[in-house]
Structure formats: structure tokens, C-alpha cells
Amino acid sequence: MEVLIVFIYALITDLATGIGAIPFFFVRNLSKRVFGIFEALAGGFMIGASFNLLFEGLNLNVLLIVIGILFGILLVILTDRFLNNKELVLGNMKGISAKRAIIFLFIMTAHSFAEGVAIGVSFGGRENLGILTSIAIAIHNIPEGLAISLYLISKGSSPIACLLWSIFSSVPQPIMAVPSYILVELFRPFLPFGFGFAAGAMIYLVIWDVIPSSLNSISRELVSIFVMLGIVFMIILYKLL
């Protein structure tokens, strides 16, 4: 029964990511300038979420955080090279746009593994802590789903595609929560590495792709403003929880 409870809470955190896509069912015909702002804001959300992961990890093991960051950066580089010169299609995106969207979604999905482990490990401590952790991650997942949707909408994806990809990106949470709850002592030491890995991959992705892409649509000043707004929002959200 306890395993089912852990799975249900982790599944709720997964589904919460889809809430971030809901506004785009009501917003249509946006200009290129607005798309650029969306990309910059998405980048800010991702960096802010990465800071939150680092804050958690630094209390556990600094060395594993650093190693995780380096491996996260390496993952983006290797994924980009692996996808080079391949004919890629994702929805109505093709070529470079499809490749970058695939890398973006892959990294956002990979970072959810650490959060799934965090849920399971928290329940392994005591149930109340697991519930609070699940609620906190579910709330954090909403702006992360918004970040995914902002990015995909700016590339021409439909609202339903944004909803489905947002939920898909957090599927690792219910998948990882159960084994990490059952084998809590085995998974606990990997948390700081997982947090660093997710943070390194996301920050590198923002610098490598999201910010340069938004600069094609809006000025450097606007990019800086909306990236910072995204970061500040995520840090405030973290402190409130």
C-alpha cells in the first residue's frame, strides 16, 4: 500500500507539469517578438530551477554536485554531436529546429530523474516529508512545464503537443520514486550527483541554445530582462516552499 501511495504522489507531480501548457490553449497568433520573450523567459525558468537543485545538493555533497555538473554539460555536447547530420522531424519542426527541440526535451526529461529519486527518498524518511516534497516538486513542475511550453510554442508546436511533452518530461518522477523508496539507502547517495547533473545540463542548454535563439527575435536588453525575471521567479518560488 505504501508503494502505491508513493507512486500516486509522484504521478501527481508528473501531471502538474502539464498545467504549464494550459495558457497556450487560449493564446493565439503571437508575434516573433513575443516568441523571443517566451524563449528568454523559459531560459530564466530553467536557470532558476537549476539554482534550486544546486541549493539542495550543496547541503549534501559538493564534490558530487561538481562532478554531476560536468557530466550534465557533457551529455548536452554528446547528444548534439550524436544528432548531427541526421534527418530529424518533431511535429511540424524539421532539421536544426527539430534537433534543438529534441535535445531540449531530452535534457528536461533527464533532469526529472533526480526529482523522482528525491520523492522516493523523502518517503523513505517519513511519510509527511514525502508528501511535502511531492507538493513542492509539483508546484515547481508547473513553471517547468510553462518553460517547456514557452520554448515549444516559440518553435511552432501546438498547445496539445506542449501539454503532452510537458507531462512526458516528468514521467521519470513516478518511475524513479518507487524504486528509490524501496531502496532508499542505495539511492540517497546519488541525489547530489543527480541534482548537479540536471543543473549542469539545463544551464548549458540555456547558454548554448535558448538565449542565442531568443536573440534572433528580440534585443539583448530584453533577453537579459526576461531571463532574469525567470530566474528571480523560480528562486522566490523555492524560498516560499
In segment 39-58, residue farthest from D209 (Cα to Cα) [restricted to those that are of a type outside the set (A, V, I, L, M) and surrounded by 24 or more Cβ atoms within 10 Å (Cβ to Cβ)]: G57
Helices (runs of 4 or more DSSP H) enclosed by segment 47-138 - at least 2 residues per element that are of a type outside the set (V, I, T) and over 20 Å from Q173 (Cα atoms): 62-83, 95-110
Candidate set: segment 151-178, residues that are within 13 Å of the chain's Cα centre (by Cα) and farther than 14 Å from G18 by Cβ; chosen: the one surrounded by the most Cβ atoms within 10 Å (Cβ to Cβ): Y151
Lone unmet requirement of (1) at pLDDT 85 or above; (2) under 16 Å from the mean Cα position of the chain (by Cα); (3) among the polar types (S, T, N, Q) for N52: (1)
Elements of type helices (runs of 4 or more DSSP H) in segment 160-235, at least 2 residues being of a type in the set (S, T, Y): 172-182, 211-214
Test: residue in segment 98-112 that is among the small types (G, A, S) and over 25 Å from I12 (Cβ atoms): yes
Residue ID - farthest from the chain's Cα centre (by Cα), chosen from residues in segment 20-46 that are in a helix (DSSP H, G or I) and either free of Cβ contacts under 8 Å to residues at least 12 places away in the same chain or closer than 17 Å to S112 by Cβ (or both): V34
Whichever residue in segment 122-148 is surrounded by 24 or more Cβ atoms within 10 Å (Cβ to Cβ) and of a type in the set (V, I, T) and, among such residues, is farthest from F195 (Cα to Cα): I148
Out of L237, L241, L229, sole residue that is of a type outside the set (D, E) and at pLDDT 90 or above: L229
Given (1) buried (at least 19 other Cβ atoms within 10 Å of the Cβ); (2) closer than 30 Å to G156 by Cα; (3) of a type in the set (A, V, I, L, M, F, W, C); (4) over 19 Å from the mean Cα position of the chain (by Cα), number of the condition V6 does not satisfy: (2)
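This table checks each residue for (1) within 22 Å of I65 (Cα to Cα); (2) surrounded by 15 or more Cβ atoms within 10 Å (Cβ to Cβ).
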| site | (1), (2) |
| --- | --- |
| S180 | yes, yes |
| E185 | yes, no |
| G196 | yes, yes |
| G200 | yes, yes |
| I203 | yes, yes |
| S217 | no, yes |
| K239 | yes, no |
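The values are calculated or read from the model by the stated rules, or taken from the named source; none is laboratory data. This is a predicted model, so every value here is computed, not measured. Cβ sites come from the backbone with ideal geometry, for glycine too, and all protein chains shown count toward neighbours.
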